[in-house]
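Undergrad: Below you'll find the structure I mean.
The values are calculated or read from the model by the stated rules, or taken from the named source; none is laboratory data. This is a predicted model, so every value here is computed, not measured. Neighbour counts are summed over all protein chains in view; Cβ atoms, including those assigned to glycine, are modelled from backbone coordinates with ideal geometry. Accessible surface is based on the protein model in full, side chains and every heavy atom, while ligands, DNA and RNA are left aside. Shrake-Rupley method; radii C 1.70, N 1.55, O 1.52, S 1.80 Å.
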Amino acid sequence: MSASTAALSKQRTPLRPARILLHVFLAGTALAWLAPLLWAILAALRPYGETSTKGYVSWPDKLSLDNFTNAFQQSDMLHYFGTTLLIAVPAVLLTLFLSSMVAFYVSRFDFRLNLALLLVFTAGNLLPQQVIITPLYRMYLLVDLPGITMSGKLYDSALGLVLIHVAFQSGFCAFVLSNYMRTLPHELTEAALVDGASVWRQYWQIVLPLCRPAMAALATLLSIWIYNDFFWAIVLISTGENMPITSALNNLSGQYFTDPNLIAAGALLTAIPTLIVYFALQRQFVSGLTLGANKG
């Protein structure tokens, strides 16, 4: 046995029972987490006639993409994708813009009500949505917006959904961004102030560019949360054409018959944009979650 082989054998740590149990537990947890997704994929690839005869717990005889094609066409999914983008993109951008301004103010300026102001914004996330739905619904019906929305009211409009998402998500974003901005050196803004930079310039050209990792992480989370929203859409939207993608699956359900395989295919199709957003911003998302913990 050579010296290098002997050194490698000494460096190898023996497999301990606790480590084996840990890997078995992690593998089982990952499998349990992926089981519903794998089950939905298998059901979406099988025709309804086969599963109705043999059951879902059976070996498939035929796998095809017919359910995906039919779900895309029958639900008019392309239209609902566009409607969802019309809601999600402005809501994400407006939420990040407003919450970053609040975070900049409470993190870079010292005043008596600094913490109280931040708590007011954060407390909105602690209020259950079901508690305010009745007064909010009546308020939306009373707000007239002639010429601004197609319905003439705040109710049954994309603008209404954008505003409610901004209101409910701004508190969390302001809390995260304020903590992140507190880790930035105050010497940056102090030097800019000495050079004559205004408050807006300190915010827009100095602090905000340094918050790109945190903003990217929040943009990923907001995109997924707003895209997957079903509660506000079903309450504040009455016209089918104005509903987001999560409501498009309702078009796949008949009055007397529902094809579960078709709905599984439609649900998988609606999940594709969220996967695209996550993989596109994956690096920024991970860095945004870790940078705040390493600074300071």
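Undergrad: Which of the helices in the chain meet the span-like rule: DSSP H, Cα axial reach of 30 Å or more, Kyte-Doolittle mean at least -1.0? Don't skip to the answer; put the middle values down first.
TA: On the way: long enough: 17-45 (40 Å, 1.75); 77-108 (45 Å, 1.52); 158-182 (35 Å, 1.28); 260-280 (31 Å, 1.66).
Length and hydropathy pass: 17-45, 77-108, 158-182, 260-280.
Undergrad: What number comes out for accessible area per residue over the chain if the probe is 1.4 Å? Units Å², please. Mind showing how you got there, number by number?
TA: On the way: 18110 Å² over 296 residues.
That works out to 61 Å² for each residue.
Undergrad: Could you tell me what percent of the accessible area of the chain is made up of carbon and sulfur, with a 1.4 Å probe and every protein chain present? Walk me through the numbers on the way to the answer.
TA: Working: 12310 of 18110 Å².
The computed percentage sits at 68.
Undergrad: If you don't mind, there's one more thing I want to ask. With label points built 7 Å along Cα→Cβ from the Cα atoms of Phe231 and Asp76, find their separation and express it in nm.
TA: Rounded to a tenth, the inter-label distance reads 2.8 nm.
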